[in-house]
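Enquirer: This structure is in structure tokens; I'll ask about it shortly.
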Amino acid sequence: MGRSIELSRVTRELTEGRGVLLEGAAGVGKSRLLQEVAGWLDPGGFTVKHVYATEAMSTIPLGALAEFLPSQAQHDAVGARELNLVLDGLVRRLSGVHNVVLAIDDIQLLDATSADLVLRATRAGYVLVLAARRTPGRAPDSVAELWKRDLVTRIPVPALDRSQTEHLLARALGGQVERRTGNRLWQLTEGNVLTLRELVDGLRQAGEVSQVGGLWRWSGDTRLHIDAFRMIEDRVRGLPDNLRTVVELVALAEPIDYGMLVGLVEKAEDDEKCAVTLAEDQKLIQVDRGRHRWDVRLDHPLFGEVVRGMPHVGRHLGSLADYVERTGMRRRDDELHVAVWRMKSKTASDPHLLVRAGRTAYARFDLSLAGELGKAAMAAGGGFDAIELRASILGFTGKPQQAVELLNSAESALEIDEQRTRWSVARGMIEFGMLSDPTAAERLWRDAEASSGPGAALLRAISVCQLAWRGDFPAAYQRLVEGAGTAGSWTGGYLFAEGHRLLLAAYHGGGELLLDELHDFESRVPDHLPEFPYLRAVATLARWSVTATTGSLLLRGNGSGSTDDFPLFEAQEGLAEAMRLRLAGRFESAHAATLEALALAEKGGRTLLSALLAEQAQCAALLGRYTEAAHLLKEADRRHAQTMTLMYPWIELARAQVAASAEDFGTVESTLGRLVGRLHDDGFHGLEIHALLALLRYGLVRPADVERLRQLESTVDGRLPVLVRRHAEALLVLDQTALRASADSYATLGLRLYAAETAAQAFRLPRPKKATGVGALAGYLADLLSELDHPWVPAPRIPIPKLSNQQWKVAGLAAKGQSDREISKNLYLEKRTTENHLYEVYKKLNIPGRAELAGLIELYELLRARQDEC
């Protein structure tokens, strides 16, 4: 249930002879964790006895422990005899068992007599307590004594975080959950396990969750007959009118200013304040009393979700908008809120307000809201501004043809150069990026030539970037470097071109020097998103390209906020995250990331589809799913568009990985040979290093490749060129020590996959008879390998020695430090037999003795276990 850390800690404490008290709010999963721990404890070492405390039994002496009284002794009076009988029942253990564990759920509900008896048994060392306690709340004195006397370790059980919630959802639903669905359910339930379980059960019964493209999705409809929702609805309907008004207003506008809320409640002034205060007292709302302002929210996110779906709540929307317009829009989001309230209450009369709000929503990548506002603005007579907004949203949410038709319908009404520039930009971006039309670049250039205003430079900038994407690399890069893409007064357009310059500079080998330029570029992007929302996608591509080519893949994004509603951007983020996870050795997580990104790419116009399919093929190959990998690679080739030519290096690297995983090294060599030549011709020296590294990873390096790496090291800045060159030199001369050092360097960069592969190369090198140091290397490889998902390509090529079952047992105990005498005793062997077994083990492993055994046995046991699982 996503509690592996807590589970491990509790088990360790009990094993070491200390009791444990699990503390947390109602519904966070304390009882479930307690049951799991009790089930995990070794029956040979622990006798677990369950105690269930309840409110009903909390006033009855020995109520919770009555089951431990012999049946003939159960009567109303509780004296010393009864206490001793219960104590005897508590501490009685099975023969050979060392510890009695009392598993007590809701220990705070124990009656005083039972609590005293538990404390007495614990202090005497008869039992270990494993208990769950609900917080906040006062604990009985005897329960509090357990931690005051240091008899238990208190372990907090917090609500589930986002990743734990997604993990639990995947287990409950039997498959990967769409990130947006996971986020929404986590926010609604605040990570409360009980609420989450009830909500998911209700959604499944109502048919509101379904599997699409391998991912579980929620439609988002909360008007469901779920017990928790019905309880909230009934509670709200039963409130007095003034309290219900408070709850409805907060649900529509949270976080709402305290003064605004007071001003909106339609009663006399004293009653208004009383209603808000009373709502807080009844735990309907929470007031955050900050130094400069007070914000009001509903007590739980589910309240808002339910209340907003109730009929007649919308009657307050017009009043909310009137109040803010009357008192002045002082907060940053006031204009957006007012526009939404006007739109939903059908009182919007200013199309320009709707357009401005729509652009704000677009800049924040809330495309569904931006689309609604754009549609409302068109209906209100917003003219070209509304059409441009609506068309842009349609284009980037899977309806590009409809978007182009809408733009074409507005062409004849264009009045000024600025409108024509924006029209050309919107159409060109949608045609090229969403409809995969490579000729859009020429049309943009022609539009620029026909323009006499400042927008001409912007159109040229976008056209040049599109030339790069479709494969006209030299011309595009030259123009970007020379500043041909400078967009004059359109600062967002200049940054659009600058992001692409960084991308191509990374390909060309700008190396780690680009990291500072990338940071400067990203710092300027947020200010220009309202005028040029496409910049978010460009910034992601620039970061991905710079960090990927320099081997700095663990550099994450700059915290630009949630963009769950922008499929194109989320697909780009998914591609970058999948590559990061794959190189960190987390192949399953990387595969899942590509699964969701592919669904988003399909929805967002199929941009990057081929690159995502190729990345998923790599993950499948590394997981040993060779048929799936080959199919995905064929699909990547089929879906590849000319407008995505810039991604060819990554697709070809994936092709080599798929072939290598299937041990088709002829295809690997030919694929990478062609790729190295093409990258050299295109001047992509930064990526040429990656192609040579791939040859190196698969053991296909040649002296000429080492010489080429030396040349590249002098032109490409950063640590990766030096590291790859040293790795190649070490492999060429079969230098085990240098290979181990290269593995360390890859691990330092976070490239765990490359580190494990390099350590495996060092381990597989021929070694002299009875060489020393091999055990340490084997242990190091085992540590790296244990961090990777499996199967893993080099693992099958590490031969496992053919030892008998008895030899494996003897070697395993010897590796743990047991003497020959101890091994013989544990395995019921003669000492001479043990010695003979060890002699054969040393001989087969080609080691001088016991000192090398621990690391080798750790590695071989790991490989054997994974071989069995496969």
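The values are calculated or read from the model by the stated rules, or taken from the named source; none is laboratory data. Bear in mind the structure is a predicted one, so any value in this text is a computation, not a measurement. Here the Cβ positions follow ideal geometry from the backbone for every residue, glycine too, while neighbour counts run over all protein chains shown. Only protein heavy atoms, including side chains, enter the accessible area calculation; ligands, DNA and RNA are left aside. Shrake-Rupley method; radii C 1.70, N 1.55, O 1.52, S 1.80 Å.
Enquirer: Among (1) over 21 Å from D681 (Cβ atoms); (2) part of a helix (DSSP H, G or I), there is one condition D717 misses while meeting the rest; what is its number?
Expert: All conditions pass for D717, except number (2).
Enquirer: Let me ask something additional. Among residues belonging to region 116-139 that are closer than 27 Å to E190 by Cβ and modelled with pLDDT under 90, point out the one that is most open to solvent (accessible area, probe 1.4 Å).
Expert: The qualifying residue most open to solvent (accessible area, probe 1.4 Å) is R138.
Enquirer: Any idea how many residues of region 758-776 are assigned to a helix (DSSP H, G or I) and open to solvent by 10 Å² or more (accessible area, probe 1.4 Å)?
Expert: Selection size over region 758-776: 4.
Enquirer: Which condition breaks for E82 when tested against (1) at pLDDT below 65; (2) crowded, with 20+ Cβ neighbours inside 10 Å; (3) more than 19 Å from S58 (Cβ to Cβ)?
Expert: (3)
Enquirer: Can you give me the number of residues within region 619-645 that are in a helix (DSSP H, G or I), under 27 Å from M434 (Cβ atoms) and open to solvent by 10 Å² or more (accessible area, probe 1.4 Å)?
Expert: 11
Enquirer: To continue, here is another question. Taking only region 720-753 into account, find how many residues are more than 17 Å from S552 (Cβ to Cβ) and part of a loop (DSSP other than H, G, I, E, B).
Expert: Going through region 720-753 one residue at a time, the tally reaches 3.
Enquirer: Is it the case that some residue within region 140-149 is among the hydrophobic types (A, V, I, L, M, F, W, C) and crowded, with 21+ Cβ neighbours inside 10 Å?
Expert: Yes, the conditions are met somewhere in region 140-149.
Enquirer: Would you mind stating whether D76 is open to solvent by 10 Å² or more (accessible area, probe 1.4 Å), modelled with pLDDT under 65 and assigned to a loop (DSSP other than H, G, I, E, B)?
Expert: Considered against the rule, which asks whether it is open to solvent by 10 Å² or more (accessible area, probe 1.4 Å), modelled with pLDDT under 65 and assigned to a loop (DSSP other than H, G, I, E, B), D76 comes out as yes.
Enquirer: Output the helices (runs of 4 or more DSSP H) that fall wholly within region 813-870 and possess 1 or more residues being among the polar types (S, T, N, Q) and under 30 Å from Y626 (Cα atoms), or say none.
Expert: Hits in region 813-870: 853-869.
Condition check ((1) within 30 Å of Y626 (Cβ to Cβ); (2) at pLDDT below 80; (3) out of contact with any Pro (no Cβ under 7 Å at 6 or more places or on another chain)) across all residues:
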residue: E531; (1), (2), (3): no, yes, yes
residue: V538; (1), (2), (3): no, no, yes
residue: T547; (1), (2), (3): yes, no, yes
residue: F587; (1), (2), (3): yes, no, yes
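Enquirer: Can you pull out the residues in region 154-183 that are more than 29 Å from V129 (Cα to Cα), of a type in the set (D, E, K, R) and under 14 Å from the mean Cα position of the chain (by Cα)?
Expert: Passing the criteria: R162, E166, E178, R179, R180.
Enquirer: Right, here's the next one. Please name all residue pairs, on different chains or six or more residues apart, with Cβ atoms under 9 Å, provided the first residue is in region 587-607 and is open to solvent by 20 Å² or more (accessible area, probe 1.4 Å) and the second residue is in a helix (DSSP H, G or I) and among the aromatic types (F, W, Y).
Expert: L600/F569
Enquirer: Moving to a separate point now. Tell me yes or no: at least one residue of region 156-177 is farther than 30 Å from G309 by Cβ and open to solvent by 10 Å² or more (accessible area, probe 1.4 Å).
Expert: Yes, region 156-177 has at least one match.
Enquirer: With the condition kept exactly as written, say whether any residue in region 437-447 is touching a residue at least 12 places away in the same chain (Cβ under 8 Å) and among the polar types (S, T, N, Q).
Expert: No, there is no match, as no residue in region 437-447 is touching a residue at least 12 places away in the same chain (Cβ under 8 Å) and among the polar types (S, T, N, Q).
Enquirer: Quick one: in region 142-169, which of the residues that are part of a helix (DSSP H, G or I) and free of Cβ contacts under 8 Å to residues at least 24 places away in the same chain is farthest from E23 (Cα to Cα)?
Expert: Among those residues, the one meeting the criterion is E166.
Enquirer: In region 284-338, what residues are hydrophobic (A, V, I, L, M, F, W, C) and more than 22 Å from A370 (Cβ to Cβ)?
Expert: Once the filter is applied, which keeps residues that are hydrophobic (A, V, I, L, M, F, W, C) and more than 22 Å from A370 (Cβ to Cβ), region 284-338 yields L284, I285, V287, W294, V296, L298, L302, F303, V306, V307, M310, V313.
Enquirer: Answer with yes or no whether L33 is buried (at least 20 other Cβ atoms within 10 Å of the Cβ) and over 27 Å from the mean Cα position of the chain (by Cα).
Expert: Spelling it out, it is not the case that L33 is buried (at least 20 other Cβ atoms within 10 Å of the Cβ) and over 27 Å from the mean Cα position of the chain (by Cα).
Enquirer: Could you tell me which of the residues E272, E280, E248 is at pLDDT below 85 and in a helix (DSSP H, G or I)?
Expert: Sole residue among the options that is at pLDDT below 85 and in a helix (DSSP H, G or I): E272.
A quick yes/no check of all residues on (1) among the charged types (D, E, K, R); (2) touching an Asp or Glu at 6+ places or on another chain (Cβ under 6 Å); (3) modelled with pLDDT of 95 or more; (4) within 27 Å of E688 (Cβ to Cβ):
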| position | (1), (2), (3), (4) |
| --- | --- |
| S714 | no, no, no, yes |
| V724 | no, no, yes, yes |
| A730 | no, no, yes, yes |
| L749 | no, no, no, yes |
| Y754 | no, no, no, yes |
| A778 | no, no, no, no |
| E787 | yes, no, no, no |
